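Structure record follows, encoded as structure tokens.
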């Protein structure tokens, strides 16, 4: 599966007030900006539009409206092919000329449409972010886009270099170390939000983490990669139940977001913190490595479900 991670460096041109968790704000304004950039028939609903099979916007934001079933797929609809990783900072008030960075992660062929995403973020800077102050939201200037700290676009030159901007990632099968026993600490850097047995969960036994990873990997590879991965789903979940929780420093985190589509404020929540597992974890490391790049759980487009893994000696 093609994965591209793009680092955007911006600078506010106005005073700005953003929420504590900024992902939903970024995602909402980005959606409006991208539609303004690419939509040819702006009065039409995407599901009824003659151009919906070719237009970038529904492929990014309205995936359920234009999706087709994938033979052999375990899931009904495709995930969104992007993740916005907002800045992991507590700052909510920004002054004019303050810098801020965020990442955009793209999956599959939409990496080929990177110029549209960059232009949409430039338009997003003109629309502004956050609460209205002095009659408008906080506007910003996109200064630079980088890949692995290599500049590929600057606002000064307005030229884009797409060589080597994304790469093919495959799910590496477990090797002889699959039965290796060790301790692993998982850091939930942004809230992880998921359901188990149709209920939101505030705890994270290892088998539930593995179920979420298998679901995320299966959906992404089915729709944007090489198809259903050849994995022993039931066996891996069964073996994951043998891995114990050694330390649990997780907590539930609630915040409010405003939905432009539904025109109302919504209470969101997820678990954050870190948790340490002990047991035969080796065979699960390819899943964990893959999901550190792709996020986990619900509302990943907001930046939820960002995880990091730390092997404990």
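The values are calculated or read from the model by the stated rules, or taken from the named source; none is laboratory data. As the structure is a prediction and not an experimental result, all values here were calculated from the model. Here Cβ is always computed from backbone atoms with ideal geometry, including for glycine, and neighbour counts include all displayed protein chains.
Of the residues making up region 62-75, none is over 30 Å from residue 92 (Cα atoms) and at pLDDT 90 or above. With respect to the conditions (1) touching a residue at least 60 places away in the same chain (Cβ under 8 Å); (2) out of contact with any strand residue (DSSP E or B) (no Cβ under 6 Å at 6 or more places or on another chain), residue 140 falls short on a single one, namely (2). Taken over region 175-213, the criterion of being at pLDDT below 95 and within 17 Å of residue 243 (Cα to Cα) is satisfied by 177, 178, 179, 180, 181, 182, 203.
Among the conditions (1) in contact with a strand residue (DSSP E or B) (Cβ under 6 Å, 6 or more places away or on another chain); (2) without any contact (Cβ under 8 Å) to a residue 40 or more places away in the chain, the only one that residue 159 does not satisfy is (1). Just one of the numbered conditions (1) in a loop (DSSP other than H, G, I, E, B); (2) modelled with pLDDT of 85 or more; (3) under 30 Å from residue 248 (Cα atoms) is not true of residue 172: (2). Scanning region 137-188 for residues that are surrounded by fewer than 17 Cβ atoms within 10 Å (Cβ to Cβ), more than 23 Å from residue 283 (Cα to Cα) and within 20 Å of the chain's Cα centre (by Cα) yields 148, 149, 167. Taking region 1-23, which residues are in a strand (DSSP E or B) and under 17 Å from residue 89 (Cβ atoms)? Scanning region 1-23 gives 7, 8, 9, 10, 11, 12, 16, 17. Reported count of residues in region 284-293, each being over 15 Å from residue 211 (Cβ atoms) and touching a residue at least 60 places away in the same chain (Cβ under 8 Å), is 4. A single member of 298, 280 is at pLDDT 90 or above, in contact with a helix residue (DSSP H, G or I) (Cβ under 9 Å, 6 or more places away or on another chain) and surrounded by 14 or more Cβ atoms within 10 Å (Cβ to Cβ), and it is 280. The set of residues in region 290-301 that are assigned to a helix (DSSP H, G or I) and within 21 Å of residue 248 (Cα to Cα) comprises 291, 292. The set of residues in region 103-155 that are in contact with a helix residue (DSSP H, G or I) (Cβ under 8 Å, 6 or more places away or on another chain), modelled with pLDDT under 95 and part of a strand (DSSP E or B) comprises 129, 130, 137. Within region 32-62, the set of residues being without any contact (Cβ under 8 Å) to a residue 40 or more places away in the chain, under 18 Å from the mean Cα position of the chain (by Cα) and part of a helix (DSSP H, G or I) comprises 57, 58, 61. Only a single criterion out of (1) assigned by TED's automatic domain parsing to the domain that holds residue 301; (2) surrounded by 13 or more Cβ atoms within 10 Å (Cβ to Cβ); (3) without any contact (Cβ under 8 Å) to a residue 12 or more places away in the chain is not satisfied by residue 199, namely (2).
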